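The values are calculated or read from the model by the stated rules, or taken from the named source; none is laboratory data. Quick caveat, the model's predicted, so the values are computed rather than measured. In this analysis, Cβ positions are derived from the backbone assuming ideal geometry, glycine residues included, and neighbour counts consider all displayed protein chains.
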DNA sequence: CACGAGTAGTTGCAGGTACAACTATAGCAG
DNA sequence: CTGCTATAGTTGTACCTGCAACTACTCGTG
């Protein structure tokens, strides 16, 4: 049962990689930045959202930087802080990737589950997350 | 929604590592072997079940070998083939790990979902898998 | 201002994984 | 038997990730 999910996410990951040369983690970072005000976020905020360690995020942002999808800038108010900011190229990439992702999700999940199941699943996960908002699973 | 699962499996993985020094992949291999006739399976059979590449499995089995939980032996009928076979120590480890795992699953999932949700979830996943028995996700 | 505790982020290192290339064997056609 | 193709598994390499250690900065206290 857990396998089902593993296969599904792996399929999405592979699709994302082959079509955009982007890992799902990278895509998530882009998504967060795209939704954030001013398209920028603190490093640690992203790390929490993306479910990646800080060191992992540092390196991931480095890669995205090299690709030109984000830029970094120091926080004005906090000398320790770093912002990651989505560039125009990154926003463009995000748009393209989002299309792929939504299509993938449709294919993998929605194409195989009845609408009632989809709704039920959404409700269940919602309740599941509600029991532990911090997500600190155990 | 996908995050929920990621967090949950990661929690299980961490628990398994800390209590038994075993990754979930290793545990899965042990499980498959434990359920197999004669406690042995072909390398590629395991790789398919565990959702790991062949090279990944080779190295994982190597590690389990070093730990003394499995042994390898060539297939009699096929000179290319290799069997992985669970040792007594491996079987013992599996029993201990299974207890941890079941407890972990209870804590993470069953403790947070109502019984009706649990049943519904089971049904939905069953139908999901039924749409693609090969599991070749996309 | 000086100092100690805490926080943000980066870097060294090790572990685990996939991909591609490789070896060895099987199975079939001639 | 020889040669060709396919299959099983292993190895070289590179990537990604986390942990622990580290640097740099902030904040509160004296």
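Answer with yes or no whether residue A:97 is within 14 Å of chain B (Cβ to nearest Cβ), surrounded by 13 or more Cβ atoms within 10 Å (Cβ to Cβ) and in contact with a helix residue (DSSP H, G or I) (Cβ under 7 Å, 6 or more places away or on another chain).
no
Would you mind finding the one in B:38, B:48, B:13 that is in contact with a helix residue (DSSP H, G or I) (Cβ under 6 Å, 6 or more places away or on another chain), surrounded by fewer than 17 Cβ atoms within 10 Å (Cβ to Cβ) and either in contact (Cβ under 8 Å) with a residue 60 or more places away in the chain or assigned to a helix (DSSP H, G or I) (or both)? On inspection, the qualifying residue turns out to be B:13. Which members of the range B:78-102 meet the condition of being farther than 15 Å from residue B:32 by Cα and within 11 Å of DNA strand D (Cβ to nearest atom)? Residues satisfying the conditions are B:78, B:79, B:80, B:81, B:82. Whether a residue is in a helix (DSSP H, G or I), more than 15 Å from the chain's Cα centre (by Cα) and modelled with pLDDT of 95 or more was assessed, and residue B:18 does not pass this test. Annotation: residue A:55 fulfils all but one of (1) within 14 Å of another protein chain (Cβ to nearest Cβ); (2) within 18 Å of residue A:25 (Cβ to Cβ); the unmet one is (1).
For first residues located in the range B:61-88 and farther than 15 Å from residue B:41 by Cβ, partners that are in a helix (DSSP H, G or I) and within 11 Å of DNA strand C (Cβ to nearest atom) and lie 6+ apart or on another chain with Cβ distances below 9 Å form the pairs B:63/B:26; B:67/B:26. Screening residue B:122 on (1) within 14 Å of chain A (Cβ to nearest Cβ); (2) surrounded by 13 or more Cβ atoms within 10 Å (Cβ to Cβ) shows it passes everything except condition (2).
Which of the residues spanning the range B:21-37 are under 8 Å from the mean Cα position of the chain (by Cα), away from chain A (no Cβ under 14 Å) and more than 9 Å from DNA strand C (Cβ to nearest atom)? Selection gives B:30 alone.
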